[in-house]
Structure formats: structure tokens, C-alpha cells
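Working notes for the structure below.
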Amino acid sequence: MSDIICLCKNISEETIVEAIKKGADTVDAVKEATGATTGFCHGGRCKAKIEALIEANK
Ligand code: FES
């Protein structure tokens, strides 16, 4: 089971990594592709985790 990265929008690590592998190499691109960071906290809880995933998977 994949961890939830964006708690507000219930978006899993698997979904984020898939978007990165398809070319989303910035937080904005991941946002466009998945909707992550568009929730109630506006990325307060997930943005740093997404940045780390981009670094690890690009
Ligand atoms: S956890 Fe991602 S927008 Fe709040």
C-alpha cells in the first residue's frame, strides 16, 4: 500500500511518483497532473514531501 502524500486531496505517493516519471519535474507540474497542493492547507503539509519525491525520482 502506498503512503498518502497529499492528505487534503488523498493523493498517494504512487500517484505522485507516476506523475514525476511522466515528466512532472516541479511542484507546479505535479499539481497540474494530480491536484496535489490544491487542498485545504494549500500544500502546507505536502509540498515538502512532493519536492523530496521529485528529487528522488527525476
Ligand atoms: S496535504 Fe496537500 S494540499 Fe493539504
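Which of 54, 26, 44 sits farthest toward the positive end of the charge dipole of region 4-57, with +1 on the Cβ of Lys and Arg and -1 on the Cβ of Asp and Glu?
The listed residue farthest towards the positive side: 44.
At each listed q (0.12, 0.17, 0.25, 0.30 Å⁻¹), what is the log10 of I(q)/I(0) that the Debye formula gives for region 4-57 modelled as equal alpha-carbon point scatterers?
Evaluating at q = 0.12, 0.17, 0.25, 0.30 Å⁻¹ gives log10 I(q)/I(0) of -0.19, -0.38, -0.86, -1.27.
Hey, in the chain, which Cys have no second cysteine's beta-carbon closer than 4.7 Å?
Cysteines lacking a close Cβ partner in the chain: 8, 41.
Under a GNM of the chain (C-alpha, springs under 10 Å), which listed residue has the highest mean-square fluctuation: 21, 47, 31?
In the Gaussian network model the winner is 21.
Using Cα pairs under 8 angstrom and six or more residues apart, how large is the relative contact order of region 4-57, in percent?
41
Using unit Cβ charges (K, R positive; D, E negative) and no other charged atoms, how large, in debye to the nearest 20, is the dipole of region 4-57 about its Cα centre?
180
Only the coordinates and a few stated rules stand behind these numbers; no lab work does. Predicted, not measured: the structure shown is a model, and the values here were computed from it. Virtual Cβ from ideal backbone geometry, glycine too; neighbours counted across all protein chains shown.
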